[in-house]
Amino acid sequence: MMDLIHPEVEHFADQMTSLPDALLQEIERATYDSHDQPHMLSGHVQGRVLSLLSQIRRPKYILEIGTFTGYSALCLAEGLKEDGQLHTIELRAADAQLAQSYFDRSIHKNKIYLHEGNAKEIIPSLNYPWDLVFIDADKPGYIDYYEQVMERLSPGGIILADNVLFHGQIFEDPVKGKSAKAIQAFNQHVAKDTRSEQVLLTIRDGLLMIKKVNA
C-alpha cells in the first residue's frame, strides 16, 4: 500500500482545515478506538470537503451508499435545505445500529433516513431526484450503483465516488485483487461515459466528482 499523499502534506492539510463539530469529532475518535476497520471513515479533511460541497450545492435530496459509522452522512447533511432529506444505505447491521445512535443525537436527525440492507435492491425503491450522491460501499458494486443513480440525478446533480485510487493498488501492473480491479473498471467506465464530465480529486484515497452533461 503506497502513500498517495506525502505525510507532511496530509498533516498540513489537516491543520489548515476547519474543525468539524463535537459529535463528528467523537465519531472519529470512537471509530478509531473501537472499530476493526477505522480506515473506512471519511475523516477530517474529506469530511469537510463533503460538507462544503453539500453547502455549495444546497441539495434537497441526498443519497449515500455505504453509511459505515455515520460520519460522512452527517457531513453531507450540513448542506441540506430546511425541507431536505438524506437517505443512507448500510448493509451491515452493527454499523447501521451504531450510525443510527449518532444520527439520533444530531441536529439533522429528522432529515436522515437510514435503510439497512442491499443497496441494489433499496435504491430502486427510493424515487427521488437526487441532487447529491455519495458512493462509498462495496467496490465491485460501483458501476451498478452509478448506473442506478445516473438517470435519477436532478439538473446540476453530482455523484461523488470514494476510494477511486484504492490505496494505490490500481497502479499495479497487473492490477490484482477483486476490489482494485473493480475500481479500475469503474474509473474507466466513467471516463468513457459520454453522459458525464468528471474530475478526480486527489484527496485521501481519491474522490471522483461526476456531473451529468447538460443535466
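The values are calculated or read from the model by the stated rules, or taken from the named source; none is laboratory data. The shown structure was predicted, so the numbers you read here are calculated from the model rather than taken from an experiment. All Cβ positions, even for glycine, are placed from backbone atoms using ideal geometry, and neighbour counts span all protein chains on display. When the accessible area is computed, the model is the full protein with side chains, heavy atoms only, and any ligands, DNA or RNA have been set aside. Shrake-Rupley method; radii C 1.70, N 1.55, O 1.52, S 1.80 Å.
A few notes on this one:
- Accessible surface, per residue, of the chain when the full set of protein chains is kept, probe 1.4 Å, Å²: 49 Å²
- Taken over segment 33-78, the percentage of Cα pairs per 5 Å bin, counting from 0 up to the bin with the maximum distance, is 5, 23, 29, 23, 12, 5, 3.
- Apolar share of the accessible surface for the chain: 52 percent from carbon plus sulfur atoms, 1.4 Å probe.
- A quarter of the convex hull surface defined by the alpha-carbon atoms of segment 3-156 gives 9.5 nm² as the mean projection.
- Loop-located trypsin sites (Lys or Arg not before Pro) in segment 147-215 (DSSP state not H, G, I, E or B) with no more than 15 neighbouring Cβ atoms inside 10 Å: 176, 195.
- Cut-off 18 Å (backbone N to label point 7 Å along Cα→Cβ of residue 192), residues of segment 141-162: 141-148
- Computed as a quarter of the hull surface, the mean projected area of the alpha carbon convex hull for segment 108-148 stands at 3.5 nm².
- Ignoring lysines fewer than eight residues from residue 60 along the same chain, the ones with Cα atoms less than 17 angstrom from its Cα are 81, 109, 111, 211.
- Segment 121-145 versus segment 1-51: alpha-carbon centroid distance in Å: 24 Å
- Segment residue 81..residue 104, full-extension length gain: 6.4 nm, with 0.36 nm per residue of separation and the alpha-carbon distance subtracted.
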